[in-house]
Every structure is written in C-alpha cells, then in structure tokens.
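Data first, discussion second: the structure below is written as structure tokens.
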Amino acid sequence: MAEHSTPKLAVWKFASCDGCQLSLLDCEDELLAVAGAVEIAHFLEASSAVVEGPYDVSLVEGSVTTPQDAERIQEVRRVSRHLVAIGACATAGGIQALRNFTAVDELASVVYAHPEYLSTLETCTPISAHVPVDFELRGCPVDRGQLLEVLSAFLRKRKPDIRTHSVCLECKRRGNVCVMVAHGTGCLGPVTQAGCSAICPSFERGCYGCFGPMETPNTASLSAALHAGGMDGGTVMRLFRTFNATAPAFEAASRAEEKGAGRL
C-alpha cells in the first residue's frame, strides 16, 4: 500500500445494531482529536462522503450472515492494512448467532411471510471466520475508552493495552457485593472479560457476558456453582446463550448443559 502523510480510517458495518459505531461517535471531544489525527475516509454512520482506499485501519462492526457479506468482507480485508473487529457481533457472531443452534429454514418460515426471497447463510459467523483479523475488541457495545486505546495503538504501531481479566476483578475494585454469593443470582462475571466496569453487578444484577469469555474461562466450575445454587440445566444453558453465545468457551458450556438437560 502506498504511504501517505495522514492515516486513513474506515469503519464498516455488517449484521449488527450499529451500537459499536455509535460508541465511536459518542467519544465527543475525543472524536475531534481522532479526526485531527486521521482522515476518516469511510464511515457511513457519520458521513456519506467516501474516500477510496487503501485504508490504514479498518474497524469492522457486525457478523457475516449472507453470501454478500462473505464476499464484501474479503474486499474490506484486501483494502485494509490493519483490520480490527469491534463488538460481540464481529468477534463472536452476536445475538443473531443464536440462530446457529437451530435450523435457519425453520426460523425463516416462522418470521417471514415469504422466506423464499431470503438469501442467507446457514450460520452467522464472526469476521475472523472469513478473513485474518489483526485485533478483536470485545463488548456489546464496545467501551469507548478501549476503542480509542485500540485505535491509538494501531496508529502509533504498538500493542493495544486491553486487559483480559474477569469482571469479578472489576467488582472487587468497585466494592460490589457478589450477587451470586449474596443473592444466588446467576452471573457470568467469573468467566467474562472485563471492560464494562461491572455495570450490571453494580446494580445487583448478574453479568450477561457482554464482553465474551475471559482469557482462561473455567466455565465448568461456574456451571457447577450455578447448579449448586439451585439453577437447572436449561437456565444455565440460556445464561451462556446471550450476546456471545457462539464464542467457543460459551458455546461449549451451553451445549454441555443442553446435552445434560436433554432439551433446547
């Protein structure tokens, strides 16, 4: 790729809710600094003006769900020096990947009046299933501070400083009472990567696993603890099947519960 004085940034959308792109727009004052440091060459959420690539950094939101998506991500990869997948959809398939646990034709027949008009893949997959990804930033949506850190790191040619410990550590730092121990609330905090500042446990709600599995998740131990607390297999299975249902560690845990419960 040809060198140029101002790095080019592109932001791309695939199957998603746009929440991670909005996280970038929500940076407000910081976005002005970003705009001053890079040329925002492709970001349809913010502007219809498009500058042709190649691009120094591409941020990709969303999962691959259609044949057209599968072709388009190849082109995005081709014109991108660095490709960063942002959010649960791009890194693990997102909530729409729940369709992977049943037949897509069955779902389409229930939802659409004319499913024969649909052009869709059998499964919903993350960006890394189709092209090499230089970094994956977790979250549903991503944390704007982490997003700025990743963007800054790639522009400065260094490794992003993103912590991979669990949400439990964030709870300890905030002085939260453990919702599992104190209230018997189902919580994925022990196996979920930090990044949200433990927002749900701070309001006495269990963690939903928005940031996906931590670096070394012990899902079997958590499942055993949830069962010991009186939770049945079907409920534990559904706990793992939310925003990051097809992240390998969470999918394996939910399928183990499904097998044990003998039900969906």
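Bear in mind that the values in this text are calculations on the coordinates, not laboratory data. Since the model is a prediction, treat every value here as computed from it, not as a measurement. Note that each Cβ is placed from the backbone with ideal geometry, even for glycine, and that neighbours are counted across all protein chains shown.
A compact table of results
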read-out	value
Packing rank of 130-136, 8-14, where each peptide gets the mean count of other beta carbons within 10 Å, highest leading	8-14, 130-136
Pair Arg173, Ala220: separation of 7 Å Cα→Cβ label points (nm)	3.1
Alpha-carbon centroids, the range 139-157 and the range 64-138: separation in whole Å	22
Net charge contributed by nearby residues that have their C-beta within less than 9 Å of Val84 (K/R +1, D/E -1)	-2
Max mean-square fluctuation residue, GNM over the chain, Cα-Cα springs under 10 Å, options Ala92, Ala225, Ala113	Ala113
Segment Arg72-Lys159, extension gain: residue separation times 0.36 nm, minus the distance between their alpha carbons	28.6 nm
Under-5 Å amide H pairs with Trp12, H placed in peptide plane, nonlocal only	Leu59, Val60, Glu61
Size of electric dipole in the chain: Cβ of Lys, Arg +1 and of Asp, Glu -1, about Cα centre, debye, nearest 20	780
Residues Leu188, Leu121 arranged by fewest to most Cβ contacts within 10 Å	Leu121, Leu188
Prolate/oblate/rounded label for the range 6-84 (Cα gyration tensor, a/c 1.5)	oblate
Selection of trypsin sites (Lys or Arg not before Pro), the range 173-225, meeting DSSP coil and at most 15 other Cβ within 10 Å	Arg205
From the coordinates shown, semi-axes √(5λ) of the Cα gyration tensor in Å corresponds to which of [x] 33, 25, 14; [y] 25, 20, 19; [z] 40, 26, 12	[x]
Candidates Glu251, Glu52, Glu39, ranked by Gaussian network fluctuation over the chain, Cα under 10 Å, top entry	Glu52
Over the range 8-155, volume per residue of the alpha carbon convex hull, in Å³	110
Additional length obtainable on full extension of the chain from Ser47 to Asp134, 0.36 nm per residue less Cα span	28.8 nm
Cβ-derived FRET efficiency at R0 41 Å, Phe203 paired with Val79, nearest 0.05	0.45
Using alpha-carbon coordinates, inclination of helix 248-261 to the longest axis of the chain, degrees	30
Residue of Val64, Val191, Val34 that the Gaussian network model of the chain assigns the largest fluctuation, springs spanning Cα pairs under 10 Å	Val34
Using alpha-carbon coordinates, inclination of helix 67-78 to the longest axis of the chain, degrees	50
Crossing angle, helix 144-155 versus the chain [Cα axis fit, 0-90 degrees, rounded to tens]	40
